[in-house]
1. If amide hydrogens are placed 1.01 Å from N in the peptide plane, which non-local residues have theirs closer than 5 Å to the one on Val163?
2. Charges only on Cβ, +1 for Lys and Arg, -1 for Asp and Glu: so what's the dipole of the chain about the Cα centre, in debye to the nearest 20?
3. Checking the cross-link filter: which lysines have an alpha carbon closer than 29 Å to that of Lys328, excluding same-chain neighbours under 8 positions apart?
4. Per residue of segment 79-88, in order, report the coupling 6.51 cos²θ - 1.76 cosθ + 1.60 (Karplus, θ = phi - 60°) as ³J(HN,Hα) in whole Hz, putting x for Gly and Pro.
5. For a quick check: with amide H placed at 1.01 Å from N, whose amide H comes under 5 Å from Thr149's, ignoring anything fewer than 5 positions away on the same chain?
6. What is the distance, in nm, between label points placed 7 Å from the Cα along the Cα-to-Cβ direction at Trp330 and at Thr216?
7. Under the 0.36 nm per residue contour assumption, what length would be gained going from the current alpha-carbon distance of Thr66 and Ser93 to full extension?
8. Determine ³J(HN,Hα), in whole Hz, for all residues of segment 120-136 in sequence, where each value follows from phi through the Karplus function 6.51 cos²θ - 1.76 cosθ + 1.60 and θ = phi - 60°; x replaces Gly and Pro.
Amino acid sequence: MAFALLPIAAGARAHEIGTTRISFTLHQTQTWSAEVITPPTPLLNRLEAAAGQPLSSAPDVDALRTGLDGFRRDIARKIEVKFDGVASPVAVSLAWSGESADATRPLAVVLHAYGPVPAGARNVTWRYRLVYSTYPVVFSSEGMQGSETQWLEADTQSPPVSVLADRRSHTTLEILAQYLALGFRHIVPEGLDHILFVLGIVLLTTELKPVLVQVTAFTVAHSVTLGLTMYGIVSLSPPIVEPLIALSVGYVAIENVVVGRITLWRPAVVFGFGLLHGMGFADALRELRLPEAEVLPALVSFNLGIELAQLVIIAAAFLTVAIWHRDKPWYRPRFVLPASAAIAATALFWTVRRIFP
């Protein structure tokens, strides 16, 4: 399993949920506009790949500006806005926010898309074909109350949104259901660093009790920092947190190889790493810019989704491997050691990529 995950994990970016955010507005002037805020380097690389060009590696700000400006027409073609099933013409301009040297305000490109609204239009749909992860689109209309947030998966088209209706607020039950699913998805399938971390915990022992002790320590720790970070009580910038999370995955895997048994300090180490992972979870959730009334139910539900995903990983590992082969003499040398080595190699590679993106 670890070897199968290696090439996927090595190429994946950390915590992509919420890194792209979109606000879509219908104006009283019979026009629409959309503001797309997204990291510039992945966007440029996707456009270069689609055009058959070599990918830019760690481009500076000037190279990013020049490269993306040359792809403005391509970006416009990747945005689909339809009114009652008929496509609206799309134009795009580019702006920038943040600073490349400021870890607290990372550089982002702001795509301003706009176009006409046909007379008599009843419904609108949105599709953005330059993102590979889950992202929110907030629909609103000038002169009408409220907004509607839809979570879209990669380049899927949104369900139709009424052009004329007021936007009602989400009920607490809807918020709980929505963020439970997001928390689960943040781990399975999109949180490959966290999947590898949990697998590293499971690999060291085939006994369920030690695994549950470690997972409980991890859960308590990340729940604490998830809440504290969301409410601004503690803070550590993502460029620091993300490499440390990758290192934590590598440490657990290396200890599986070198030590080969549960030590007295292992739960404490896992607890410490859980504090880091909680900050990573909070960064993903904080990027969503939740309304104040939604923060607490979203926080609780998102965390429950994470726990559910971790239990699914543990159950899958035990049911497919551990309980069937734990008494076999070849289990550790032929499975645990190479799998842990693969996880460690992936984590160390990931650490370098996150320090030097």
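The values are calculated or read from the model by the stated rules, or taken from the named source; none is laboratory data. Not measured: the values here are computed from a predicted model. Positions of Cβ are backbone-derived with ideal geometry, glycine not excepted, and every protein chain shown enters the neighbour counts. The protein model used for the area step is the full one, side chains on, heavy atoms only, and it has no ligands, DNA or RNA in it. Shrake-Rupley method; radii C 1.70, N 1.55, O 1.52, S 1.80 Å.
1. Long-range HN contacts for Val163: Asn123, Val124.
2. Working: 27 positive and 28 negative charges, 160 e Å.
For this selection, approximately 760 debye.
3. Cross-link targets: Lys209.
4. 9, 10, 10, 10, 10, 6, x, 9, 5, 9
5. Under 5 Å from the amide H of Thr149 lie the amide H atoms of Phe139, each far enough along the sequence or on another chain.
6. Taking the simple label geometry, Trp330 and Thr216 are separated by 3.6 nm.
7. Working: separation 27, 0.36 × 27 = 9.72 nm, distance 1.31 nm.
That pair, Thr66 and Ser93, stretches by 8.4 nm at full extension.
8. x, 4, 10, 9, 10, 10, 10, 8, 10, 9, 10, 9, 10, 10, 7, 8, x
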